[in-house]
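The values are calculated or read from the model by the stated rules, or taken from the named source; none is laboratory data. Since the model is a prediction, treat every value here as computed from it, not as a measurement. Cβ atoms come from the backbone with ideal geometry, glycine included; neighbour counts cover every protein chain shown. In case anyone asks, the SASA skips ligands and DNA or RNA and just uses the protein heavy atoms, side chains included. Shrake-Rupley method; radii C 1.70, N 1.55, O 1.52, S 1.80 Å.
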Amino acid sequence: MIVILEGPDCGGKTTLCDALVARCRPDRVHRFGVPEGDHFQVCWKLATELSPYESAVIDRFHLSEVVYGPLMRGFSWIDPWQRWLLDMVLASKGALLAYCQAPLDVLEMRQARKLMNGDKGPPAELLGAVLDGYEMSVWRPPLNVQTCESDTGEVPEKTAEELFRHACNLE
């Protein structure tokens, strides 16, 4: 099973990734940073290399570029046609998109704390636009989407358990 974790900064993706890795021991773990240059080519290479017969957990992938690119630099390296191609390749391999989200005030508080500690990321005041961007981007076929929502920024145990069962092929 291929699980792709997407969502705004401070939404719980990395925490959930760490838990999935510890529990499911996937064949491949990819923690996506911000690649230099053409983001589509980087995503395409990984998407086409993935096998539907291996287990993989990916912390951020193509939707982050679709949402953050226009907000941070005025354009996305991934156009709608390329997004569709990536979605189709991932869907053909049975990928599950886990959309990690939390209320805006929680995200703003966590992001402000992150920035004060010297970490990189968008200003906390952009997080409302980021949430809107994800809401417009996530709910599109063909990918199977599961929402991991919390009031605190931590993924609820029941949601995490459902995702573990799916990711570890226990269903």
Short version: what are the Cα gyration tensor semi-axes of segment 1-61, square root of 5 times each eigenvalue, largest first, in whole Å?
19, 17, 8
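Compare the peptides 73-84, 13-24 by average per-residue count of other Cβ atoms within 10 angstrom and give them in order, highest first.
Numbers: 73-84: 14.2, 13-24: 18.1.
Sorting 73-84, 13-24 by mean packing, highest first, produces 13-24, 73-84.
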Given a Förster distance of 35 Å, the FRET efficiency implied by the Cβ-Cβ spacing of T14 and W81, rounded to the nearest 0.05, works out to 0.70
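Tell me, what % of the accessible area of segment 16-67 is carbon and sulfur with a 1.4 angstrom probe? Don't skip to the end; give the middle numbers.
Numbers: 1300 of 2510 Å².
That fraction is 52 percent.
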Exposure ranking of E65, E49 by accessible area [1.4 Å probe, largest first]:
E49, E65
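Arranged from highest to lowest average of other beta-carbon atoms within 10 Å per residue, in what order do the peptides 106-112, 56-62 appear? Walk me through the numbers before you get to the answer.
Details: 106-112: 19.3, 56-62: 24.0.
Most protected by this proxy first, the peptides run 56-62, 106-112.
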Over the alpha carbons of segment 59-142, what is the largest minus smallest coordinate on each principal axis, giving the biggest first in Å?
41, 25, 20
How large is log10 I(q)/I(0) at q = 0.24 Å⁻¹ when the Debye formula is applied to the Cα atoms of segment 4-100, each weighted equally and without solvent?
-1.41
